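Engineer: Can you read through this structure? Questions will come right after.
Coordinate-derived values only; no laboratory data. Just so it is clear, the model here is predicted, and its values are computed rather than measured. So basically every Cβ, Gly included, is an ideal-geometry build from the backbone, and we count neighbours across all protein chains shown.
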Amino acid sequence: MNITDVQTLSCDAGWRNYYFVKIATDAGITGWAEFDEGFGSPGVTAVIHKLGEMLIGRPVPGPEHFYAEAYSRTRPAAGGVVAEGIGALENALMDVRAKSLGVPCYELLGGKVRDTLRVYWSHCPAWRINHPKYFGPGVTDLDGVKAMGAEARERGFTALKSNTFIFDEGPAYAWRPGFAAPFYPELNADRRIIRNLRDCLEALRDGAGDDMDILIDLNFNFKTEGYLKILRAIADQDIFWVEIDSYSPDALAYIRNHSPHPISSCETLFGGREFLPYFQKSAIDVAIVDVVWNGAWQSMKIANLADIHEVNVAPHNFYGHLCTMMNAHFACSVPNFRVMETDIDRLAWDSELFTHVPQYRDGHLVVPDRPGWGTEPIEEAIKAHPPKPGGGLIRPRQSR
């Protein structure tokens, strides 16, 4: 079975675009993967096209062969968008190979350890604050936050994750200086930000009740001093984990050693080499692995490395439905799984874009047993929603 073509497609996803890679073969089997350019990664499409050229006309390679060759050809600039391009192609090749064998992708990853995956409702209430045009009803104040906590409980979810917002200047808005929204590069945590964060956590708890696990994602929005100030300020809160992005394993280890709450991190890292220092320095309680960026095969190696260091893993998953399925096959195959991120607020046309959508039951995602990833993009639907310029984190924002 030889590869005959490698294509990329994209479509409108509201405040961003969805991106897909399609690998065609002379056996009539097509492999799909979803990737992303909006999370600070412009240029992944160009990398996929360039690396895809080395696949056309050749037999479908196994994941070890493909990664070894692709990494060797890009070694001087390993990581970043190059690694994301390799990961996207690796995932699409896995879909091809699994379909050719008539098995789900998890069989190629060693088989299932579990049939369902506990999930947390991510961006609750972030999507309804940041993008009310696409995810309604909009949330503008703390009463809306409380209502979302109650909604998550009523819909059977047992965990949710929120972010940092400002509520005391009129309609609520997100505080994301780590992503230049607003452009506040000093990344300080002042009293007003901490007060608003506490107010948000208390509103969520009031709505969700005592049995809900609440996670908070601080992203890259502060520096070590600021993270420590926040952790001290919310020490009395019942928090499942505090998610912190840091490119310094030493700084994160220092934060963790002074934190009353578990620390999760690493969603923006590539490969075992980048994860290893965080494990060696005991910098994290949970390692967040982006299967979309790293590729499922390399993600399994990262999970194995985490397991050796007595650390559990959680997928980074805030993309489209195909990404959710890809992450599900990874998460069901690793013994050291903690919990899976998923977005419950969806676009009005999300379900039109895929042959199958994720199924949730009692706060858990049911792992599909269909061949490959268990869903495919529908090309006609993708073309019916053409992509828009910009999108994601790259789109300029006005400062408040």
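Engineer: Sorted by average packing, counted as other Cβ atoms within 10 angstrom per residue and highest first, what order do 168-180, 380-392 take?
Structural biologist: For the peptides 168-180, 380-392, the packing ranking is 168-180, 380-392.
Engineer: On full extension of the chain, what length is gained from Ala78 through Asp143, given 0.36 nm per residue of separation minus the C-alpha to C-alpha distance?
Structural biologist: Result for the pair: 18.8 nm of gain on full extension.
Engineer: Now a separate question. Would you compute, from DSSP H runs of 4+ residues alone, the mean residue ellipticity of the chain at 222 nm, taking -39500 (n - 2.57) per run and dividing by the full residue count, rounded to the nearest 500?
Structural biologist: -11000 deg cm²/dmol
Engineer: Using only the Cα atoms of the stretch 339-387, build the gyration tensor, take square roots of its eigenvalues as a ≥ b ≥ c, and label the shape rounded, prolate or oblate: rounded if a/c is under 1.5, else prolate if a/b is larger than b/c, else oblate.
Structural biologist: It comes out oblate by the Cα gyration axes.
Engineer: What FRET efficiency would be calculated for the residue pair Val113, Phe183, taking the C-beta separation as r and a Förster radius of 51 Å, to the nearest 0.05?
Structural biologist: So, using R0 = 51 Å, E works out to roughly 0.70.
Engineer: Another question about this same structure. Measure up Lys133/Lys388; Lys22/Lys383; Lys50/Lys388; Lys112/Lys301; Lys281/Lys301 against 21 Å on the Cα-Cα distance and list the ones that go over.
Structural biologist: Listed pairs above 21 Å: Lys50/Lys388.
Engineer: Give, to the nearest whole percent, the P(r) tail of the stretch 174-331 beyond 29 angstrom, counting all Cα pairs.
Structural biologist: 20
Engineer: Let me ask you something else. So how long is each side of the stretch 3-102 along the principal axes, counting just the alpha-carbon atoms, biggest first, in Å?
Structural biologist: The principal-axis extents, from largest down, are 37, 33, 19 Å.
Engineer: What do you get for the angle between helix 80-101 and the principal long axis of the chain? Use alpha-carbon atoms, 0 to 90 degrees, nearest ten.
Structural biologist: Around 60 degrees separate the two axes.
Engineer: Right, here's the next one. In whole percent, what relative contact order does the stretch 279-383 give with Cα contacts below 8 Å and a gap of six or more residues?
Structural biologist: Reported as a whole number, the value is 24 percent.
Engineer: Please give the net charge around Val119, taking every other residue with its beta carbon less than 13 angstrom from that of Val119, where Lys and Arg add +1 and Asp and Glu add -1.
Structural biologist: +2
Engineer: If I model the stretch 89-213 as equal point scatterers sitting on the Cα atoms and use the Debye formula, what is log10 I(q)/I(0) at q = 0.11, 0.15 Å⁻¹?
Structural biologist: Rounded to two decimals, the profile gives -0.55, -0.78.
Engineer: Also: With an 8 Å cut-off on Cα pairs and a minimum separation of 6 or more residues, tell me the relative contact order of the stretch 190-343 in percent.
Structural biologist: 16
Engineer: Could you list which residues have their amide H under 5 Å from that of Thr4, counting only those 5 or more apart in sequence or on another chain, with H placed in the peptide plane?
Structural biologist: Result for Thr4 returns Ala24, Thr25, Asp26, Gly57.
Engineer: Fully extended, how many nm does the chain gain between Arg58 and Asp206 (0.36 nm per residue separation, minus their Cα-Cα distance)?
Structural biologist: Extra length available between Arg58 and Asp206 comes to 47.5 nm.
Engineer: Mind grabbing the base-10 log of I(q)/I(0) for the chain at q = 0.08, 0.11, 0.14 Å⁻¹? Debye formula, identical points on the C-alpha positions, no solvent, two decimal places.
Structural biologist: The calculated log intensity ratios at q = 0.08, 0.11, 0.14 Å⁻¹ are -0.40, -0.78, -1.30.
Engineer: In what order do Trp15, Trp121 fall by count of nearby beta-carbon atoms within 10 Å, going from fewest to most?
Structural biologist: Trp15, Trp121
Engineer: Rank these for me by crowding, Met326, Met340, Met300, going from fewest to most other beta carbons within 10 Å.
Structural biologist: Ascending number of Cβ neighbours within 10 Å: Met300, Met340, Met326.
Engineer: Determine, for each peptide in 313-319, 132-138, 98-104, 53-59, the mean count of other beta carbons within 10 angstrom over its residues, then list the peptides with the highest first.
Structural biologist: 313-319, 98-104, 132-138, 53-59
Engineer: Given the stretch 108-373, what percent of its DSSP beta bridges are antiparallel, to the nearest 5?
Structural biologist: Once the DSSP bridges in the stretch 108-373 are tallied, antiparallel ones form about 30 percent.
Engineer: Tell me which residues come under 5 Å, amide H to amide H, from Ile288 once H is placed; ignore anything under 5 positions away on its chain.
Structural biologist: HN-HN under 5 Å from Ile288: Ser265, Cys266, Glu267, Ala314.
Engineer: Then there's this: In a shell of Cβ-Cβ distance under 11 Å around Thr158, excluding Thr158 itself, what net charge do Lys and Arg (+1) and Asp and Glu (-1) give?
Structural biologist: Net charge in that neighbourhood comes out at 0.
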